[in-house]
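This report refers to the structure that appears directly beneath it.
The values are calculated or read from the model by the stated rules, or taken from the named source; none is laboratory data. Source: prediction; values computed, not measured. Reconstructed Cβ throughout: ideal geometry from the backbone, glycine too, with neighbour counts over all protein chains shown.
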């Protein structure tokens, strides 16, 4: 029998690799992530990390880079943080908060790269403001991302891929640079960007025969 949400929340409240409301670091971590990791390595952020498949997978491959997964769902954070502990990944942390509040937890240019992996596409017009690649969120990412940093999107959704691609191409506010994209990453030279890592959702989509889309750009 799996643990209840209440049990999981109680567990993550004690985890050193989870920062959430109620912990001292929740209000003091901004600008201090390298001190938290006790090194000056680059920091990669996964937005809407879910169960942390990508965060922990990348951390295992690149021990000299720090990885932070952020999500609001405590049960998902519990899973990712537990995997990190089991694998002794000291270069992993999880931040439990709303995505629109990220600039309250990261100083300007504190993040080197951002990954957005298989977010909810939110296809209804009224939900545009909740899409993790809408202009509102990209402006939040701009506040914390280094000038040379890259935003990566990986999705199975034709809708979200087309929406994001059109937005990044046309928006003078975003003013994206070095845009690279593919509608089928597994038939693209860009596959090397992914280091053989797949998320739970990605494996499900691939089993359904869906093509995985990918794009990246600098601000």
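The figures follow:
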| read-out | value |
| --- | --- |
| Matching residues, the stretch 186-210, being over 18 Å from residue 54 (Cα atoms) and in contact with a strand residue (DSSP E or B) (Cβ under 9 Å, 6 or more places away or on another chain) | 188, 189 |
| Of residues in the stretch 65-78 being buried (at least 23 other Cβ atoms within 10 Å of the Cβ) and without any contact (Cβ under 8 Å) to a residue 60 or more places away in the chain, the one farthest from residue 33 (Cα to Cα) | 71 |
| Selection count, the stretch 27-44, where residues are surrounded by 17 or more Cβ atoms within 10 Å (Cβ to Cβ) and closer than 23 Å to residue 11 by Cα | 4 |
| Subset of the stretch 61-84 (residues that are farther than 24 Å from residue 141 by Cα and touching a strand residue (DSSP E or B) at 6+ places or on another chain (Cβ under 9 Å)) | 78, 83, 84 |
| Any hit, the stretch 49-57, residues being in contact with a strand residue (DSSP E or B) (Cβ under 6 Å, 6 or more places away or on another chain), over 19 Å from residue 194 (Cβ atoms) and at pLDDT 95 or above | no |
